Amino acid sequence: MLKQIYEEIKKYNTIVIARHIGVDPDALGSQFALKEAINLNFPDKLVYAVGSKSSRYNYFPKLDRYEMTDNQNVLLIVVDTPDKKRVDINRLDTFPNVCKIDHHPLIDNFGGIEYIDTKASSASELVLRFFKENNVEINKNIAEFLYYGIASDTNRFLFNTDYNTFQIVSDLIKEYDIDVEELYSHLYARPFSEVRFQGYISENLTLTENGFAYVIISNDTLLKYGVDASSAGNMVNNFNNIDEVVAWATISEDVKNGLFKFNIRSRGPVVNNIAERYNGGGHALASGARVKTMEEVQLLINELDNICRVYNEKEGD
């Protein structure tokens with residue numbers, strides 16, 4: 001399948017690379033690694049990395065503007081995105097030629113060539129696999145994009161990691177002389193406002209008797225701490241080691257888009273099938289969702305609390 005994607009890339013002079021809304025370092029890392037590698041190996045092709053920008057990740061290059069109206073002879077590659085509604089691109093349905101590289105469970109078929117491996121640590125690991133299988137030349141800059149993606153999506157190798165992950169990352173560091181400390185200084189740097197905001201979340205977590213922890217963060221609170229609706233999602237993994245918690249979520253009001261954003265994590269209960277019913281999705285133990293009303297917020301909280309109850313009952317048998 002990876003060789004088929006490579007053959008598709010060779011066929012098209014214009015290539016657009018997209019990823020999911022609510023961008024993160026793995027989405028950007030896989031996206032920019034793929035763009036830079038195509039530019040390096042096929043310098044005559046036009047390659048666009050598209051999507052909404054995020055000032056938080058300004059250690060990545062600027063995203064491109066793509067405005068072509070006739071996409072018949074354009075190849076669209078979507079990375080790190082399992083469902084059509086979460087692809088961060090306008091008029092997705094106008095692209096007849098699509099390839100997908102993803103490590104999430106399948107939700108939508110995109111109608112083209114799809115390479116999916118849910119056991120992979122990240123989309124960046126799959127892009128690196130694509131490079132290796134097709135003998136694609138890369139450089140240090142591309143290797144660093146991949147490291148950002150892998151390190152971020154595994155939370156510095158705490159999750160979704162096995163010996164293969166360590167092996168490929170070790171090879172990257174050795175071959176391209178990657179300065180890990182420098183990359184981490186970019187990846188985990190935070191403004192003081194977010195440090196204070198994390199304290200607010202810790203103080204205001206609600207913990208149910210079933211072990212579900214959550215915090216609802218209003219727009220007024222975001223304004224008070226000088227952060228945006230994505231900030232809580234960026235620190236959701238910081239609450240992984242609380243003994244009494246089985247699953248947890250940060251719920252942020254996004255006034256600009258008229259939404260409440262859920263970032264959900266779990267130590268055991270499967271959460272992605274629930275998130276999919278609330279305009280979201282993701283991994284079995286790490287997902288996101290978006291709802292429009294406080295009534296839906298409460299419904300989703302109740303469902304997540306219930307799966308914690310069921311999980312605890314099964315574990316107690």
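Results for (1) assigned to a strand (DSSP E or B); (2) among the polar types (S, T, N, Q); (3) without any contact (Cβ under 8 Å) to a residue 60 or more places away in the chain; (4) touching a Cys at 6+ places or on another chain (Cβ under 6 Å), shown as yes or no for each residue.
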{"site": "Phe262", "(1), (2), (3), (4)": "yes, no, yes, no"}
{"site": "Gly268", "(1), (2), (3), (4)": "no, no, yes, no"}
{"site": "Ala284", "(1), (2), (3), (4)": "no, no, no, no"}
{"site": "Asn302", "(1), (2), (3), (4)": "no, yes, yes, no"}
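Filtering Lys224, Lys256 for residues that are without any contact (Cβ under 8 Å) to a residue 60 or more places away in the chain, assigned to a loop (DSSP other than H, G, I, E, B) and among the basic types (Lys, Arg) leaves a single hit, Lys256. Only a single criterion out of (1) out of contact with any Lys or Arg (no Cβ under 7 Å at 6 or more places or on another chain); (2) touching a residue at least 60 places away in the same chain (Cβ under 8 Å); (3) not in a loop (DSSP other than H, G, I, E, B) is not satisfied by Val78, namely (1). The set of residues in the stretch 9-57 that are basic (Lys, Arg), part of a loop (DSSP other than H, G, I, E, B) and modelled with pLDDT of 95 or more comprises Arg19, Lys45. Figure legend. Inter-residue proximity from the stretch 194-212: first residues of a type in the set (Lys, Arg), second residues in a helix (DSSP H, G or I), beta-carbon distance below 9 Å, spacing 6+ or different chains. Indicated pairs: Arg196/Tyr225.
Is it true that Asp64 is farther than 30 Å from Arg267 by Cβ, without any contact (Cβ under 8 Å) to a residue 40 or more places away in the chain and assigned to a helix (DSSP H, G or I)?
No.
Return the residue satisfying two criteria in turn: it lies in the stretch 100-128 and is among the polar types (S, T, N, Q) and part of a loop (DSSP other than H, G, I, E, B), and of such residues it is farthest from Ser152 (Cα to Cα). This residue is Asn109.
Just wondering, is there one or more residues in the stretch 137-149 that are in a helix (DSSP H, G or I), farther than 23 Å from His283 by Cβ, without any contact (Cβ under 8 Å) to a residue 24 or more places away in the chain and among the basic types (Lys, Arg)? Among the residues of the stretch 137-149, not one is in a helix (DSSP H, G or I), farther than 23 Å from His283 by Cβ, without any contact (Cβ under 8 Å) to a residue 24 or more places away in the chain and among the basic types (Lys, Arg), which makes the answer no.
Scanning the stretch 190-221 for residues that are touching a strand residue (DSSP E or B) at 6+ places or on another chain (Cβ under 6 Å) and part of a helix (DSSP H, G or I) yields Ile201, Asn204, Asn219. A single member of Ser55, Ser30 is touching a Leu at 6+ places or on another chain (Cβ under 8 Å) and among the polar types (S, T, N, Q), and it is Ser30. Based on what the data block shows, is Asp162 more than 19 Å from Val23 (Cα to Cα) and of a type in the set (D, E, K, R)? When the stated conditions are applied, Asp162 passes them.
The values are calculated or read from the model by the stated rules, or taken from the named source; none is laboratory data. Quick caveat, the model's predicted, so the values are computed rather than measured. No Cβ is skipped: glycine too gets one built from the backbone with ideal geometry, and neighbour counts run over all protein chains shown.
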